[in-house]
Each structure stands twice: as structure tokens, then as C-alpha cells.
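What follows is a single structure, written as C-alpha cells, with notes after it.
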Amino acid sequence: MLQNSSLLWATDLVKTYVMGENVVRALDGVSLSIEEGEMVAIRGPSGSGKSTLMNVLGCLDRPTTGQYVLAGEDVGRMNDNQQAYVRNRRIGFVFQTFNLLPRMNAVENVELPLLYAGQRNAKRHAMEALVQVGLGDRSDHLPNQLSGGQKQRVAIARAIVTDPAIVLADEPTGALDTRTGNDILSLFKSLNKQGRTIIIVTHDLKVAEHCQREIYIRDGKIALSDDHVAVPRLPPPLPNRQVTKTHE
Amino acid sequence: MLFWITIKSAMKSLWANKLRSLLAMLGIIIGVGAVIAMLALGAGTQAKVIADLDAMGTNLLMVRPAQRSSQGVMQGTQQNLVVEDALALVELPWVDMVTPVVGGNVQAKYMNHNTYTNLQGTSSLYFTIRNFPIEKGRGFTEEEEERWSRVAVLGPTTATDLFGPNNPLGETIKINGFNYKIIGIMKAKGDQGWYNPDDQIIIPYTTAMKRLFGLTNLREIDIVANEGVDLSAMSGQPQGSMGNQAGASGYYHDVPPGEDTVAGLMRKRHRQQASDPDDVRVMNQADLLARRSQWVTNFRILLGSIAAISLLVGGIGIMNIMLVTVTERTREIGTRKAIGAKGRDILLQFLVEALVMSGLGGALGVLFGVVMALGIPWVPWFSDFAPPLLQAWVMVMAVSVACGVGIFFGLYPAYRASRLDPIEALRYE
């Protein structure tokens, strides 16, 4: 097992794209670590590389170079199916536009990750998650019968239903008015109090201020790690062979 | 579990685009419908051909006068077959039985019951040759033939027309005004399509020729060959050719047929020159039926091709709509991948959707085909079709083929969906 005790840590992440004749370095040596139970904002202006960082942290993408370890697994070098497994079990996504499936009601949307995980009692777990976000009485509503805030709550229930290591929220208040947005942020904070690790990717300083810590990124580099609560410990670089692969 | 939910969600997505799904399924529906209708009609006709063959007796040759034609213009049937021709045919070594046949339509009357029906004048062998068993009473004897007796055997339909529920045996009816005694009733055979053997009166040919119609020539001579004889060869005319169909004029020979054949013997007896065409037509029942059967086969091949093309077009329709669906639902695919769907989960989802669409199309097609098969005999043009025969295995097969088409044409769109990059898919507007 890994010697580093952080829930999530990344060392010297580099992501390059070839655009025409130019090589764009979307991530230019990002190192960070996030502890279990933290609520962290990743903030940066558009084009800063925060989306790329989120995709890498969310196992939707792989870094060109660098190491990324989540919950003790080196997830940065996995193949598509292994990454899908990690997204299913270890990561809960919350999107700006909710991304609920329109023809499924609330509880069916929430149980979907459990179905892909092949878990039994999916419906019961999904109901529990809906109760947790305060929508136990809306389980049979279709997304278009719900308000924006309610949709985002369903999406959050879908993100936490698999009991993931991290909840990764991409501009979760971006499509909501200020008051509803604050409600959603309060929900994130209360989930965080119950021990959930939450990462919110945003461009909005007001959103970031709700988090204990902010990682500010610009031009593909961490420009500032503003520590609201505790100083993040950057992990010592580890050789790859010490990493144990456990899946597939 | 996931599979059932996948099917359920496929149904939902089809239901959400009802018209589009129906249009996409139309090709499959028509294709499967055509297959079902075609095979039902084909099987029905085949069954009837087999039944007809059994009813006819397969060793039967029928000799009829040819049409007289002058420079290509038909001038009516020749009057050249006589009883002596029939007697000469009996002498051929390969011939088992021969009966002359004359006939016409007559008015039959009993008390105040009238019927206008077909009358056959023939010998007592006719009942054996044509496989018409006597149910009640008896057929006529040779003595009655020789004495031109006024005796008659009735078909069951004719008997009912004249006598209702009463027993006609021993009663006397009037045929064209003269008294005939009923000596027998034939067993019911069922309508044969082109004529109804149950609705006819059979009397001795002598009586019919001399007393009733005043004829010297025959309408037909029926010949039964010995078992194992090559009917086509012994007819002396090429069988199964267009030149031998009803209404055709005589056949011209390059090499005149031998005198042991029907045509050869008739040419000799009628003093035909080598350059003359045959003045008789020799028909082989088995060949006629086989030709009908061939026609059914051609019809099936035609409909089968239509069905195959329709299924192909239907498959392309499904593929087209699946490609549209995949594009429309790119964000959904991205979302599903983000929450943990693997490529094969997405592949399965869209494949199941194509399968449900084609399977449903197949089921509707079966319904359509059954309606079509049952409806076709009601269309006036097709009224002489045999009753359709619906078979369960055909329906199972048709739906399976439709499902196969769905899987085949759904594979590419589903594969494309499964290969979508989740980041691109999530960003898709």
C-alpha cells in the first residue's frame, strides 16, 4: 500500500494537447493533495486549466505525465474500463447543468450508478440518498417536474449514493439563482460535516469562500493555495513500483 | 436486473418518439408482414395441391379435342373424338382403364324443386377413375350402359338441392323433361376451386349421347395408365409446355409420335398428315397440378425477395434512426459514462434499443401479415386462392429474423455510442 496517507494526491501533473502546430500545456506541473473530510475549491479563470484538472481528478482523462493516486490506487494510468470502475465507486459527479436523465424519475436517476455497480437493493439505497438531500417526497417526480435546486439535489443524491471517496462538483451553482445556490452550498457543507470529501470546481470567489481551502489555478499551474483551515501537505514523490493496482 | 431496466428504458425512449419509432419500424413491419402472408398463402396452396393430387389420382391422362385454328385464328373446338377412339385406346398395352365422357348443363326437377347443373355422361368406370365413391345406392352397370337406361347418380349437393333432407334413392327426377331414376348418391368431396364435383349428375354415356343430347362425339376420354408408366412419354405430346394448356390449338411435331402413344394413335385414327398438328390435347393431371405448384413457388420467391428487400430497408431505417438517437443523446451518454457506465454498458443499451425496436416491428409485422393472409381471399382478384395456412414456426422465425436485422444494423450506432469520449460527450450541446 501507499505510504502517503492523503486521500487524493497528485504529483507534477502535466497535460498537453496538440492544437494545429502548437502544443498547449493545459496542466503544467500541478501537485496537490486532499485529505479525507476536506471541502476544497479549485478556482481559476476560464482557460486556466481547471476543467482539465477536474477531468483528470475525475478519471475522465489521463495526465500526459505525472502521478495521480486516489484512495490508495494509482488511477492516472488506468485503461478505460478501470477508469469507469473508479468513476463508479470512488467518485460522485455533480454537474452545472444537473445532467439528469429526462425520462427517469428522481429515484431512478439516483439508483443508476448502483445499477452499473451491480448492487442489490439499489432502490432502497437511492431512497436513502434522496432523503439525505431532503427530497424523500419527490422520488417519483420526473426531472422536468422539479425546480433547478431540486434537480441539483437529485444530482447530489446520485453523486453520494455509491458512498464515493470524493464528490466532484463542477460549477454546481452556476445554473442556479443566488439563494438556491446558497442552499446547495449549505447542503454540500452539511454533507462535508458528515465526513464527505468534497471538491468544488468554480470560477466564483463567493462559492470558493464556502470551502475550507482554495486551490487557485492559472495558466495550468497552481498559483496560490489559500489555506482556510490547515496547510496542505504536499506529498513526497513516490516511485511508481510502490503503487499497488487492485482493479482489473 | 440491469438488462430488464435497459429494456424498460429502451421502451420509454421509443415511446417518447412514437411516430419516429413507428416510421423506423415500418420497413420491418412490411417485411415481416410480407413473409407471414406469403408463407401462409403458399402453405395453404401447397396443401390444396397435395389434396387435389390425392383426389384426382395421379395416373390420369385426359384427352380432349384441340382447338381448330386457321391461320392463327381460333375457330372453336373440333368434334373428332368418338367412342371408337376410346375402345382403341383400351387396346394399348400400358392402359389400365378408359372411359368416354360427354357432358353439358341440364335442368333437373323433382316435384317443385329445380336445379340447373352439370351432367356427365360416362361409363361406370368413371367413379373409379375419378375417385368418386358411391355413398348410398350403387353406380350403373354395363348392362344399363348398353340399354341406354335412364338412371342417374347424384352429387350430394345436387341431391340436397332437389330432395332436401329426404332420401332420393329410388325416386324419379326429370332431366330436361324426361324421367330418370336415382340409383346412387356420391360421397362429398368438397369444392375443388375450378369446379364442384359434389354438384353434378352422372348418367351412362350412351343415354346421354343418344337420348339426352343427341351427340355422336365425345367431350373427353379419361385414361388410367398402369402403375409406373411414364405419363408424359405415353401422352405423345410434350407435357408441361404452354402448347398444352386449356384453349390451345393442336401441337405440331417435328417427329410424329409413335402409335403406342395417345397422340400417335389419335393421329392415325383421325388420318392426320405428318405435317398436320395434333387434333387432340392430352393433359396430365399431375403435370397440371405440378405447374400450379411451380407457380406458387415462383410467387413465393417473388414475395420472398420483396420481404428480403423490405427487411434490408427496414434495417437501414433502424440504423439511421439509431444514429440520430445516439447523436441526440450524446450528453446522456457522457453522463452515464461519468457515473460509471463502461463502453459495453452503453453498447448494450443502444443494442437493446435497436433490438426492442426491431422485435416490436417484427411482432407488429406478424399481426399485419396475419391480417393480410386472412384478408387476401376476400379480395375479388385473389378469390381463387387457397385458404391461407398460418404456422407458428413461421411467425417465430420471422420475429427472430427481424431481431437479427435489428442487432446487425444497431451494432454500428451502438458501437459509436460506446466509443464516445466522456469529456466531449458531456460538453456536447
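Every test in (1) modelled with pLDDT of 90 or more; (2) surrounded by fewer than 19 Cβ atoms within 10 Å (Cβ to Cβ) is passed by B:PRO387 save one, and that test is (1).
For segment B:12-24, the tally of residues that are more than 10 Å from chain A (Cβ to nearest Cβ) and closer than 15 Å to A:PRO102 by Cβ stands at 2. Of all residues in segment B:145-170, those being surrounded by 15 or more Cβ atoms within 10 Å (Cβ to Cβ) and farther than 23 Å from B:LYS210 by Cα number 10.
For (1) touching a Leu at 6+ places or on another chain (Cβ under 9 Å); (2) not small (Gly, Ala, Ser), each residue gets a yes or a no:
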{"residue": "B:ASN320", "(1), (2)": "no, yes"}
{"residue": "B:VAL324", "(1), (2)": "no, yes"}
{"residue": "B:THR330", "(1), (2)": "yes, yes"}
{"residue": "B:GLY340", "(1), (2)": "yes, no"}
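Every listed requirement among (1) exposed (fewer than 15 other Cβ atoms within 10 Å of the Cβ); (2) away from every other protein chain (no Cβ under 14 Å) is met by B:MET372 save one, (1). For segment B:82-106, filtering for residues that are closer than 11 Å to B:GLN200 by Cα and exposed (fewer than 15 other Cβ atoms within 10 Å of the Cβ) leaves 2.
For every residue, the table says whether it meets (1) of a type in the set (Lys, Arg); (2) without any contact (Cβ under 8 Å) to a residue 24 or more places away in the chain.
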| residue | (1), (2) |
| --- | --- |
| A:GLY136 | no, yes |
| A:LEU142 | no, no |
| A:LEU146 | no, no |
| A:ARG153 | yes, no |
| A:ALA157 | no, no |
| A:VAL161 | no, no |
| A:ALA169 | no, no |
| A:ALA175 | no, no |
| A:GLY181 | no, no |
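The set of residues in segment A:157-215 that are outside any loop (DSSP other than H, G, I, E, B), of a type in the set (Gly, Ala, Ser) and in contact with a helix residue (DSSP H, G or I) (Cβ under 9 Å, 6 or more places away or on another chain) comprises A:ALA157, A:ALA159, A:ALA169, A:GLY181.
Has segment B:317-325 got at least one residue that is at pLDDT 85 or above and in contact with an Asp or Glu (Cβ under 8 Å, 6 or more places away or on another chain)?
Taking segment B:317-325 as the starting set, the residues that turn out to be at pLDDT 85 or above are B:317-325.
Subsequent filtering for residues that are in contact with an Asp or Glu (Cβ under 8 Å, 6 or more places away or on another chain) retains B:322, B:325.
Within segment B:317-325, one or more residues are at pLDDT 85 or above and in contact with an Asp or Glu (Cβ under 8 Å, 6 or more places away or on another chain).
Remark: pairs (first residue in segment B:177-189, under 14 Å from B:LEU119 (Cα atoms) and in contact (Cβ under 8 Å) with a residue 24 or more places away in the chain; second residue of a type in the set (Gly, Ala, Ser) and loosely packed, with under 13 Cβ neighbours inside 10 Å; Cβ separation under 8 Å; 6+ apart in sequence or on different chains) = B:ILE182/B:GLY170.
Listed here are the helices (runs of 4 or more DSSP H) enclosed by segment A:17-134 that have at least 2 residues being within 13 Å of chain B (Cβ to nearest Cβ) and of a type in the set (Val, Ile, Thr): A:50-57, A:106-117. I want to confirm something. Restricting to segment B:335-346 and keeping residues that are crowded, with 23+ Cβ neighbours inside 10 Å and on the phi < 0 side of the Ramachandran plot, which single residue is farthest from the other protein chains (Cβ to nearest Cβ)? Here the answer is B:ILE346. The number of residues in segment B:1-24 being among the polar types (S, T, N, Q) and surrounded by fewer than 16 Cβ atoms within 10 Å (Cβ to Cβ) comes to 1. There is at least one residue in segment B:318-328 that is within 14 Å of another protein chain (Cβ to nearest Cβ), without any contact (Cβ under 8 Å) to a residue 60 or more places away in the chain and assigned to a helix (DSSP H, G or I).
Tell me, which residue of segment A:146-162 that is over 14 Å from A:ASP177 (Cα atoms) and away from chain B (no Cβ under 13 Å) is surrounded by the fewest Cβ atoms within 10 Å (Cβ to Cβ)?
Let us first name the residues in segment A:146-162 that are over 14 Å from A:ASP177 (Cα atoms), namely A:146, A:153-162.
Now drop any that are not away from chain B (no Cβ under 13 Å), which leaves A:146, A:153.
Numbers: A:LEU146: 19, A:ARG153: 26.
That would be A:LEU146.
Filtering A:LEU142, A:LEU115 for residues that are aliphatic (A, V, I, L, M) and within 19 Å of B:LYS342 (Cβ to Cβ) leaves a single hit, A:LEU115.
Being modelled with pLDDT of 90 or more and buried (at least 21 other Cβ atoms within 10 Å of the Cβ), is that true of even one residue in segment B:131-138? The answer is no, given that none of the residues of segment B:131-138 is modelled with pLDDT of 90 or more and buried (at least 21 other Cβ atoms within 10 Å of the Cβ). Look at (1) over 23 Å from B:GLN272 (Cα atoms); (2) at pLDDT 90 or above and you find that B:LEU87 fails only one, number (1).
Listed here are the residues, each with its yes/no results for (1) over 17 Å from the mean Cα position of the chain (by Cα); (2) in the same structural domain as B:VAL366 (by TED's automatic domain parsing); (3) part of a helix (DSSP H, G or I); (4) under 29 Å from B:TRP295 (Cβ atoms).
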| position | (1), (2), (3), (4) |
| --- | --- |
| B:MET11 | yes, yes, yes, no |
| B:SER21 | yes, yes, yes, no |
| B:GLY33 | yes, yes, yes, yes |
| B:GLN46 | no, yes, yes, yes |
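The values are calculated or read from the model by the stated rules, or taken from the named source; none is laboratory data. Here the structure is a predicted model, which is why all the values come from computation and not from measurement. Positions of Cβ are backbone-derived with ideal geometry, glycine not excepted, and every protein chain shown enters the neighbour counts.
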